[in-house]
Amino acid sequence: MSNLIIAFNHSTDDLEYGISGVDWQEVNLINDKLILSNGSDTIADEEPFPDESDLTAAGIILDGTEQVVSKYLLANLDENKLQEIFNMGNTNKRYVMAFNFDAATASEPRLELWDDSNLNTVDLVTLGAGSPTNSFWKGITTTGGLPGADWVGSSLAGSSSGHFLWLNNLAGPLTTAGTLYCNLKVVIPSTCVAGSLQQPVFCVKYTSN
């Protein structure tokens, strides 16, 4: 049976999960959230978890142009604080989001995004409002190497072809314990004119031996 730990690199060092001195934060899969923001004095690294008004005040301002979100923070509710994921986004960084498996898998792990835990719809605006190609969420597998500057990646929404990430670069199941990686960014199109609360669910699918 393969057990999975998901972690974010809370460090500016682009180094592997488990390297001494690199602060990888393991995710509480029930409580923790990923926050996208322009940032502020209260929406910042190591600040206490904010209230809704602070989040709104530091939100992305829709201005009729395409925007690539630059600030991503893990809401670590176990410690009641925010932790910035410094290397996430439109950056040529490899070790950003880690998926650590303690044993071999029977299928290749894949990362999907859905509206909710039912895992059957992608109707959220940020997931393309039913059209996965228009998802704001972009992802690229970095298990094999750096993503490159201004990487394009895949539009993530649901499980249709091309709209999820094969985390082992289509190399198949893990034959031993190991760690897979990806980077993510959110690109808000110029056509988005109305803000709203959006909380897509991240899902890692794989089968165990």
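Only the coordinates and a few stated rules stand behind these numbers; no lab work does. Remember, predicted model here, so these are calculated numbers, not experimental data. In this analysis, Cβ positions are derived from the backbone assuming ideal geometry, glycine residues included, and neighbour counts consider all displayed protein chains.
PRO48 meets each of the listed conditions (1) touching a Lys or Arg at 6+ places or on another chain (Cβ under 6 Å); (2) within 27 Å of GLU108 (Cβ to Cβ) apart from (2). Within region 36-65, residues that are on the phi < 0 side of the Ramachandran plot reach partners that are polar (S, T, N, Q) and assigned to a strand (DSSP E or B) with beta carbons closer than 6 Å, at six or more positions or on different chains, in the pairs ILE43/SER37; ALA58/SER37.
Within region 133-151, being hydrophobic (A, V, I, L, M, F, W, C) and touching a strand residue (DSSP E or B) at 6+ places or on another chain (Cβ under 7 Å) holds for PHE136, TRP137, ILE140, TRP151. Consider region 1-25 and keep the residues that are polar (S, T, N, Q) and outside any loop (DSSP other than H, G, I, E, B). The one that is surrounded by the most Cβ atoms within 10 Å (Cβ to Cβ) is ASN9. Identify all residues within region 76-94 that are more than 12 Å from the chain's Cα centre (by Cα) and surrounded by 18 or more Cβ atoms within 10 Å (Cβ to Cβ); write none if there are none. Scanning region 76-94 gives ASN76, LEU82, GLN83, GLU84, PHE86, ASN90, THR91, LYS93, ARG94. Apart from one condition, ASP102 fits all of (1) in contact with a Leu (Cβ under 7 Å, 6 or more places away or on another chain); (2) farther than 19 Å from LYS138 by Cβ; the exception is (1).
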